[in-house]
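A short reminder: the numbers here are calculations on the coordinates, not readings from a lab. In this text the structure is predicted, and so the values were computed from the model without any measurement. Ideal geometry is used to build each Cβ from the backbone, glycine not excepted, and the neighbour counts take in all protein chains shown.
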Amino acid sequence: MKKKEIIEQEVQKTLQCLEPPKKLPVNPYFYTRLQTRMSSRQKEQAQQDGFFSSRLWRPVFIGIIIILNLTTAILLYINEGTRQETPTTLAVEYGLNQDNTDYFAINK
């Protein structure tokens, strides 16, 4: 074969590759089975989500956590005075002298 004929054959092969592929035959029940499978997965996902991931309960739990945090902050603020008395109370109760009470000092 001549060089020109080989080039022509290669060009023809390349052009054949660029043509759209033939469509494969589709099973007539494919879409029905696909919809069934998708709906069953949605039901499974809804069952797996459970009680606590409901959109109704999320704000309730967030509100409870905020209330608990605020309550803790208020109690800590109110009990600020008793925390300063704790080292001396411990020292008196256990009979420690002044040198040992430095170990209990909170604000150094």
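Listed values, structure above:
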read-out	value
Sites matching trypsin sites (Lys or Arg not before Pro) across segment 1-40 that sit in DSSP coil, with at most 15 neighbouring C-beta atoms within 10 Å	Lys2, Lys22, Lys23
Val26-Gln42 pseudo-label distance in nm [points 7 Å out on the Cα-to-Cβ vector]	1.9
